[in-house]
Amino acid sequence: MFISGIVSAQHTGSYDTSITFMGKPRKVSLYVPTNYNASNKYRLMICLHGLGDNCANYRNSLMSILSWNTYITNTIFVCPEADTTIVDYYDLSGSEQIIPTSVSLAKSLYTIDTTNIILQGFSLGGRAALRYGLSNYTSFKGLLLNTPAIQGVKNAINLISTYTFDYQNASKIPIYITHGELDPAYEAPIDSALIRMMLSDGKVRKYEFANMGHAIPPITGIINFLSFFDTAASKGYDLGVEKVITPLFSCSSIQASVLVCSLGQDTIKSVTLQYINSGNTLSYTWNGTLAPFHHAIISLPSITSDSGYQSLVVQVKNLNGNITDTVTANNSDTGLFTIEGKALPLPVFEGFEEPKFPINNWVLSSYDDYLNGWSVNTPGLYSANSITDYNTIFEFDNSTMKDDLLSPEIDLSAVSNAYVHFYVSYNYDEYTPPYATGDLFLADTLQVLISTDCGQSFQSLYKKGGSQLATFASPIINPLSIQADIFNPADSNWRGETIDISSYIGNNVIIKFSYISDLGGLIYLDNIGVNSTPTGIKTTVPLSYKIYPNPATDYVYIQPGSDAITQVNIMDMTGKSIFSQYNAGNSGSDMIINTSTLNAGMYIFQVTTLNGAQSNKVMIER
């Protein structure tokens, strides 16, 4: 290492220097307390900047704007430059060695307390600090990570082999993480990494800051990281309820578990949890030993719940028999799940027209990355809404990751034939020179699967991707932004698909639509139906039934017209189903629904016929 540009070891305040690193000049920006005295030892903080920044600007932001030098006293700050041609301190083999080189630079110039060296990073610098700090935990007193920009859930759970984290070392170094609630892109990746550190008994704390985006919080809000690095565990007894783990759905009872971590200095030998579901409050006591920062996964007794979308609230009641937790802010978490009700008879139809999604016991399963996951969108086929999902190279690498949409349980016991029908609109990306070497196709896949054991296992029914799935004549050529990938399908850009599932007759089944990422594609699905004929169910507007009166009081009447009614579902304005009736009427008589028990307010009446489904808002007055 060759050091140049240093006036003397007594140089104080903010200044820049240059070193030779990997055969090239590399800029390093420092701040040294103006009252520096070589006879005293100083804390050292190595600070790694994010994408699009540089070391001098980052140092100036920390000192002049955030005033770190005012609150973090007796500290020398060293901010090395990332290679200006790349975006991360790890992007070139060996480039992360700028971190120990910066430590050596500080030691060569100043009196450093080698037991008090902190590695700090913001954004991509925070990701690099996490990776390097976990792998080299003996070199630092602690890691201060301000919104570590972990590049997606796939990166966080070590499915990107070229950029992994040694989470098994999280128990060996204190890790302090901050994140803004207005920065949704990094919420799921940070939380995924946090869980893996906790499962390794990590000495880790995460703090969420209200009304903050992708930024470093004010130093007054995080200055306690210094005491956390001195003594990570809080005084007394402190149990964190970190995650309630529930199945996505069940056809009967559920088996839930709870990840808890001991965050206090006192050893916990028993935990009594209180858990609340469907208005019932129960308690369960776990016995074991939890030393500071050790974890346990506590299995709760089997829970029988009402049908529909449910929540399970778990909170700490007491510790060691009769001790109250000294920190209550982390004592509770909520898990969500769905209990399937009575299996639905054919025909079943969903047009996704309601204001809340999922609805009617449809279930979503996603790995939760930003921009990904099934959601309601416009336009639909012959209707207002459809559902959509999206993958792109302009966000995180989520290739091979899946977003699933699962139907309610469907009864095939009383039919002689059964078919799944749906409509799809899809297109994929193609990159050509100079944006790629040759032709590069980024094409997602749609797979449809079926389960006869309430989702315990699935068999594939249908699998198409790329040009086979596409409903456009040609792919999207060289999209250079997310906006260039987005399209609104016309009616001519939809294709109907029919799958014969007659071989599964006699079973209750669940249908799963799985969208598999290859980093290129926008997909819409609409008008999913299961019926006993090979003709698809298609919504045409308007259907011929009539619903009256509106406003109503004690009764609502539905006149079928030429459309035989197969199902009526009433929901409140949150999308919660409060009444369902199947095979409710026929083309010759009105259906009468008693609404006398409903509270005053607006309700959604979803009427399904053999020709489709449509929703109406009905006001109930008292």
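We did not get these values from a lab; they are worked out from the coordinates using the rules stated. Since we're looking at a predicted model, the values are computed, not measured. No Cβ is skipped: glycine too gets one built from the backbone with ideal geometry, and neighbour counts run over all protein chains shown.
Just a few scattered comments:
- Along principal axes, Cα extents of the stretch 2-230, largest first, whole Å: 46, 38, 31
- Partners for residue 172 among aspartates and glutamates (Cα-Cα distance below 18 Å; same-chain residues under 8 apart left out): 201, 230
- Relative contact order of the chain, defined on C-alpha pairs under 8 angstrom at six or more residues apart (%): 9 percent
- Debye log10 I(q)/I(0) for the stretch 279-411, one point scatterer per Cα, at q = 0.09, 0.17 Å⁻¹: -0.46, -1.08
- Farthest toward positive dipole pole in the stretch 287-376 [+1 Lys/Arg, -1 Asp/Glu at C-beta], among 373, 360, 305: 305
- Packing order of peptides 116-124, 383-391, 206-214, highest average first: 116-124, 383-391, 206-214 (average count of other Cβ atoms within 10 Å over each peptide's residues).
- Measuring max minus min along each principal axis, the C-alpha atoms of the stretch 239-339 give extents of 42, 23, 21 Å (largest first).
- Packing rank of 13-24, 102-113, where each peptide gets the mean count of other beta carbons within 10 Å, highest leading: 102-113, 13-24
- Folded to 0 to 90 degrees: helix 124-135 orientation relative to the chain principal axis, Cα: 70 degrees
- Projected area averaged over orientations for the stretch 408-459, convex hull of C-alpha atoms, nm²: 6.2 nm²
- Cα-derived Rg to Rh of the stretch 345-489, Kirkwood definition: 0.99
- Contour excess over end-to-end distance, with Cα ends at residue 164 and residue 92 and 0.36 nm allotted per residue: 24.4 nm
- Residue exposure proxy: 548, 524, ordered by other Cβ atoms within 10 angstrom of their Cβ from fewest to most, comes out as 548, 524.
- Ranking of 595, 220, 147 by count of other Cβ atoms within 10 Å, fewest first: 220, 595, 147
- A crude spin-label estimate for the pair residue 231 and residue 371, with each label 7 Å from Cα along the Cβ direction, gives 4.7 nm.
- The chain: angle of helix 187-199 to the longest principal axis, Cα-based, in degrees nearest 10: 70 degrees
- Overall, the ratio between the Cα radius of gyration of the chain and 2.2 N^0.38 Å, rounded to two decimals, is 1.16.
- The stretch 377-449: projected area of the alpha-carbon convex hull, averaged over directions, in nm²: 8.0 nm²
- Footprinting exposure proxy ranking of 428, 555, fewest other C-beta atoms within 10 angstrom first, gives 555, 428.
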